[in-house]
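First up is the structure itself, then whatever we jot down about it.
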Amino acid sequence: MIGIRFIRLIALIASMLCVATMTAKAQTEIQFWHAMGGELGEKLTDFANRFNASQKEYKIVPVYKGNYTETMTAAIAAFRAKQQPHIVQVFEVGTATMMSAKGAIYPVYQLMADQKEAFDPKAYLGAVVGYYSDSKGNILSLPFNSSTPVVYYNKDAFRKAGLNPDQSPATWPELEAAAKKLQAAGYPCGFTSGWPSWIQLENFSALHDIPIATRANGFDGLDTVLQLNGALQVRHIAKLAEWQKSKIFDYGGRRSDSGPKFYSGECAIYMNSSSAYAAVKASVKFEFGVGMLPYWPDAIQTPKNSIIGGATLWVLNGYPKSDYKGVAKFFTYLSSPEIQTEWHQFSGYLPITTKAYELSRQQGFYDKNPGTDVPIKQLTRGTPNANSKGLRLGNFAQIRDVIEDEIEAVLAGKKTAKAALDDAVQRSNELLRQFERTNK
């Protein structure tokens, strides 16, 4: 009798295991390669887990692949080896490269239409989607984490130096004067900057309504050539080198390497992406404020809008049609006002939809966190034109490395600003011609 019961019990357990195994196998895995480390990566994983828990057909598998350059390079290599992910996060400088990879990418507007998922391009901020759309206005990649550079400043230091703690310097002359007062108050460094090319040349040019490149900064054709060695750009880089000698400005490296100079209180002003908000908030022990990038008032009276950075999500071809249903559903989930609002408020990235922006306002987020709406106001200031719409340059990741090389040569006293930017143009134009020949 005991033997029969035991056999039935074993059979029941085996049956349950079989059902569980079949259920697990029925779930389609969607590979998602991204470049979000630290707190941002943990939040992204949290979103994926919550989506996975919301349904049983698909399982998003987020995989951190290193920084933006490493993630994009890994995806290209994987595609050539036919081992590509379904989704890859690519920074904005990789846009032209991805657009030219015809056959490799599955345009998002087409994906959402094929899978009958609701997708309204007008729901997204114009300054964001324009960067990632084709000439007909079709959105090619999903805007997810878009940012724009801002000024973070130490309010405690401003008070100690006799400066207004509720206002960051609006112009470069004001910032220079403030830096000197901060140094006199005991702070070794006036200001530092992350992402020198993006902030001190690319956004600098957009704000001052001067081009980085011909052909509408590359939007109108592959035959674009760089123009970042104009008189104002040369003057600004020369000024940074001059300021570095007295630590009014102190270079801290590429990307966000200069952050610790601000966190520690060494530099009282820090220019970096709006997406650095979470890291700044978690790292500093003083009250800080957020302001807009400064401008040269003798060059422009009303600065233009800043341009975006960050990344979008590209879909890669090569999987069964059924897999892409899961990708489309995940994109709908990520674009929802609730998720976008949560992401925006957590990270400092822009709310990419108007509904997410409105929801944040209704929740009182901007009132409770003064300065968090500065990126949106700066990005949507005025009407974008050819000089402030954005940049679309082939081989832009390599070009940005060239620009950083040349800026560092100026700051190290090895070259004049004019010679360095002339060399940056010459070296970068060679990269542009390579890209043009490859993608004609």
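A few notes on this one:
- Hey, ASP250 among the acidic types (Asp, Glu), crowded, with 17+ Cβ neighbours inside 10 Å, within 25 Å of the chain's Cα centre (by Cα) and at negative phi or not: yes
- Among residues of the stretch 229-244, those that are assigned to a helix (DSSP H, G or I), of a type outside the set (S, T, N, Q) and out of contact with any strand residue (DSSP E or B) (no Cβ under 9 Å at 6 or more places or on another chain), counted: 7
- Qualifying residue in the stretch 5-13 (condition: at pLDDT below 95, assigned to a helix (DSSP H, G or I), among the aromatic types (Phe, Trp, Tyr) and surrounded by fewer than 18 Cβ atoms within 10 Å (Cβ to Cβ)): yes
- Any hit, the stretch 266-281, residues being open to solvent by 50 Å² or more (accessible area, probe 1.4 Å) and without any contact (Cβ under 8 Å) to a residue 24 or more places away in the chain: yes
- Some residue of the stretch 54-73 being without any contact (Cβ under 8 Å) to a residue 12 or more places away in the chain and open to solvent by less than 50 Å² (accessible area, probe 1.4 Å): no
- Among the residues of the stretch 390-405, some residue qualifies, meaning at least one is open to solvent by 20 Å² or more (accessible area, probe 1.4 Å), without any contact (Cβ under 8 Å) to a residue 40 or more places away in the chain and under 30 Å from GLU42 (Cβ atoms).
- None of LYS155, LYS181, LYS160 is in contact with a strand residue (DSSP E or B) (Cβ under 6 Å, 6 or more places away or on another chain) and open to solvent by 10 Å² or more (accessible area, probe 1.4 Å) except LYS155.
- Being over 27 Å from SER336 (Cβ atoms) and open to solvent by 10 Å² or more (accessible area, probe 1.4 Å) is a description that applies to ALA170.
- Residue-level check: of (1) in contact (Cβ under 8 Å) with a residue 40 or more places away in the chain; (2) over 22 Å from TYR132 (Cβ atoms), ASP367 misses just (1).
- Filtering the stretch 113-132 to residues that are at pLDDT 85 or above and surrounded by fewer than 21 Cβ atoms within 10 Å (Cβ to Cβ) leaves ALA113, ASP114, GLN115, LYS116, GLU117, ALA118, PHE119, ASP120, PRO121, LYS122, ALA123.
The values are calculated or read from the model by the stated rules, or taken from the named source; none is laboratory data. Note that this is a predicted model, so its numbers are computed, not measured. Ideal geometry is used to build each Cβ from the backbone, glycine not excepted, and the neighbour counts take in all protein chains shown. Side chains included, ligands, DNA and RNA excluded: accessible areas come from the protein's heavy atoms. Shrake-Rupley method; radii C 1.70, N 1.55, O 1.52, S 1.80 Å.
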